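I am attaching a structure below and will ask some questions about it afterwards.
Readers should treat all values here as calculations from the given coordinates under stated rules, not as data from a laboratory. In this text, all values refer to a predicted model and were calculated from it rather than measured experimentally. So basically every Cβ, Gly included, is an ideal-geometry build from the backbone, and we count neighbours across all protein chains shown.
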Amino acid sequence: NLSSSNINYIFRSKFVTKRSNSTSMSTELMNATMINEMTQSEITSSEIKNIKILYLYGVSLLMLFCVISIIVNIKILITMFWIKCPLSPTLYISLSLTGADAFSSFFLGIELLLNSFIPIGLGIELKGINCFLLALEVVRLGSVIITVYHLLALANFHKQYSCILIFFFFRKNKILLILLWMLPISFFAVYFNLIENNGFQSEGCRNNMFLRHQKFRIVFSNLVFWPFILMVYIYIHILYIVKRHQTIRLRFYEAGSPAQIRAALRKNSNIRQMTRNFRAVHTTLYILGSFVVGWMPAVITFVLVCDDCILQLNRVSARVIFFIHVINNGLIILKTLVNPIIYAAQMDEIKIATRRMHDAFCGWSKLTHFTTARKTNSVRKRTETEKSIGETAL
């Protein structure tokens, strides 16, 4: 700051008074040094002000998109009240994934508000909320894993790989969904409680250095990357089998043997099931692609950049760090916005339910407008009648 430059200036003035026989060259050199230090201080103050402005407007925009994402995902969730047919396991988990996206956007918005917008953008120090912020980090990291395992559950139902994971043995969708939601958050809550003199064990939750170390980052990355690799394998296998089935059908059609086609379809019920669900597989592949684009840059940055990782940002300017975080968070929010659009465009049940919901609300709006118009006309007629009676009496 400028005060340190003033102190240096006073110190140098006293030094020059005691050494009165010093040359004019040394005096000019000290003056140049003083001016240089003051200029650097002014540049530093200007940079801090610019960073505050960036956080004030950049984080505000991110929070706005978080709100939009929450609204859009809740709209898709509400459509389930207009779905007439029984919910299939795929549709059940897809709607739960929509809730997970809304959940993730909500807590990301809260974290942006408390960790970036208020303390940096507004310059207001928040005291006594360290444990709350740590619990918020537990939920935020858990929401990432919730999304990952929802996608893995969808892949399992598409491929019928019930033997891959133990908790997929449960037949009831509600039990599966409870596990999908509770296990990730419970894991991080326990993890944050087990580290000695860190996390929730530290006084006032002030020591959270384990979050900045490679050991925790590797644990987190394993929870994301291995399920993702498994999903890629499952969908490659599905597409391979369906493609092979289509090739067989084409060969039979060219041979002109419909009976052989029917016989081949009867022999392999799994292939028939995959063929019927091919559109659902495409939908989930789009969602998986949005996960890669939306989450992977942030996850890779989280894994590679830390205090003892391969990369450090110690020598990187605050502005560059800001733009890295804005891009990562922006892609995460974009992912939660794209998924409902995929559901509305690809899943017939959601499309039909959305149309019914719009018709219901539009019908209610028209009925309300019609009722209001009738009341207005009735009041107007009554007023005109009373006025005409009054004029007749006069």
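Measure off 7 Å from each Cα along the Cα-to-Cβ vector at ALA360 and LEU87, then give the distance between these two points in nanometres to one decimal.
My value for the distance between the label points is 1.4 nm.
In nm, what is the difference between 0.36 nm times the number of residues separating ILE118 and CYS309 and their Cα-Cα distance? Before the final figure, lay out each step's value.
On the way: separation 191, 0.36 × 191 = 68.76 nm, distance 2.90 nm.
Separation in residues times 0.36 nm, less the Cα-Cα distance, equals 65.9 nm.
In whole angstrom, how far apart do the alpha carbon centroids of segment 122-152 and segment 174-236 sit?
11 Å
Same structure, new question: Please work out how much length the chain gains when fully extended from LEU64 to LYS52, using 0.36 nm per residue of separation minus the C-alpha to C-alpha distance, in nm with one decimal. Walk me through the intermediate numbers first.
Working: separation 12, 0.36 × 12 = 4.32 nm, distance 1.81 nm.
That works out to 2.5 nm of additional length.
Apply 1/(1 + (r/R0)^6) to the Cβ-Cβ distance of ASN130 and LEU77, taking R0 = 35 Å, and write down the FRET efficiency to the nearest 0.05.
Details: r = 33 Å, r/R0 = 0.95.
Plugging the Cβ-Cβ distance into 1/(1 + (r/R0)^6) gives 0.60.
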